[in-house]
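Shown next, in structure tokens, is the structure this report addresses.
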């Protein structure tokens, strides 16, 4: 019975680390962040919202991976590390998203102010 549990735990650990590696490889190109930056620069609010949602989904995937790895870690230091990583994603995810959105809002306000200034200059010169 004990050998069966050990083997099961080993298989679970192997599956968890494999899933974690796959997710990390899949997101290693940072396409969502790059797209978010481009959309924010262009002032495309709808696309920013869409990519922000995708970024939130990635954050949730990473939190689930940390949670899974914490349960199959096998050692207390690794369990603590996974817990800290999970907590970090919970805290920094919303902060990161808020920072990006705030930056995009400021950029749009600057564009609006610049547009208003150009309109005023056009009226003056006519």
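Looking at the range 46-69, can you tell me whether even one residue there is surrounded by 14 or more Cβ atoms within 10 Å (Cβ to Cβ), within 30 Å of residue 6 (Cβ to Cβ) and out of contact with any helix residue (DSSP H, G or I) (no Cβ under 8 Å at 6 or more places or on another chain)? Checking the range 46-69: at least one residue is surrounded by 14 or more Cβ atoms within 10 Å (Cβ to Cβ), within 30 Å of residue 6 (Cβ to Cβ) and out of contact with any helix residue (DSSP H, G or I) (no Cβ under 8 Å at 6 or more places or on another chain). Applying a threshold of 7 Å to beta carbon distances and a minimum spacing of six or more residues, or different chains, the list of pairs starting in the range 40-58 at a residue that is under 16 Å from residue 89 (Cβ atoms) and ending at one that is not in a helix (DSSP H, G or I) reads 58/27.
A search for C-beta distances below 7 Å between a residue of the range 65-83 that is in contact (Cβ under 8 Å) with a residue 24 or more places away in the chain and on the phi > 0 side of the Ramachandran plot and any residue that is surrounded by fewer than 18 Cβ atoms within 10 Å (Cβ to Cβ) and part of a helix (DSSP H, G or I), counting only pairs 6+ apart in sequence or on different chains, returns 74/13.
Taken together, the values in this text are just the output of simple stated rules run on the coordinates, not laboratory data. Computed from a predicted structure; not experimentally measured. So basically every Cβ, Gly included, is an ideal-geometry build from the backbone, and we count neighbours across all protein chains shown.
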